[in-house]
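*Asks:* One structure, pasted below without further comment.
The values are calculated or read from the model by the stated rules, or taken from the named source; none is laboratory data. The structure presented is a predicted model; accordingly, all values stated were derived computationally and were not measured. All Cβ positions, glycine included, derive from the backbone under ideal geometry; neighbour counts span all protein chains shown.
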Amino acid sequence: MRRFSALLASGVLLVACQLDLPSGATAAGGDTTGSTSAAGSTGTGVGATPCDGKKDCGACQSCALNVQCANQAAACKQSSSCQGIDQCFAGCGSDAECQSQCYALGPDGESTYRALRACVFCDQCASDCAGMMVCN
């Protein structure tokens, strides 16, 4: 699995694997930070969403960011705080304490970044990216 190493500003999101954000994605319909649902976060069943079931976390993430999570990705790209959290996460690996410190550095972008991670890892890629994030 690829480590995250690029920046949102260059079109790449750092959420455990390198993700290519869609270049034309725009946030529609107002606030997208609360648009994820707990219903899709069980992770049961391979291929539970159109992107899941590829047996490749990176491929699933790219798919999700281009379709189901495009609004969350666009919202994060438009938030300097969210981008700062994303950049900070690049140096954390799986260190939860480091990730917590990243959220503390950009509190204004925390809900946007958490919504994006939940959309990708919990709602859309629960099987292909199992273990990348603790989903409720």
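*Asks:* Under 9 Å between Cβ atoms, which residue pairs at least 6 apart in sequence (or on different chains) link something in the stretch 87-105 that is in contact (Cβ under 8 Å) with a residue 40 or more places away in the chain with a partner that is among the hydroxyl-bearing types (Ser, Thr, Tyr)?
*Replies:* Note: pairs meeting the criteria are 89/113; 90/5.
*Asks:* If I ask for residues that are small (Gly, Ala, Ser) and touching a Gly at 6+ places or on another chain (Cβ under 7 Å), which ones from the stretch 78-114 would you list?
*Replies:* Within the stretch 78-114, 79, 81, 84, 106, 109 qualify.
*Asks:* Check whether at least one residue in the stretch 106-126 is among the β-branched types (Val, Ile, Thr) and modelled with pLDDT of 95 or more, and report yes or no.
*Replies:* Start the filter on the stretch 106-126 by keeping residues that are among the β-branched types (Val, Ile, Thr), which leaves 112, 120.
Then drop every residue that is not modelled with pLDDT of 95 or more, which leaves 112.
The answer is yes, given that some residue of the stretch 106-126 is among the β-branched types (Val, Ile, Thr) and modelled with pLDDT of 95 or more.
*Asks:* So, in the stretch 106-136, how many residues would count as being farther than 19 Å from residue 51 by Cβ and surrounded by 14 or more Cβ atoms within 10 Å (Cβ to Cβ)?
*Replies:* 7
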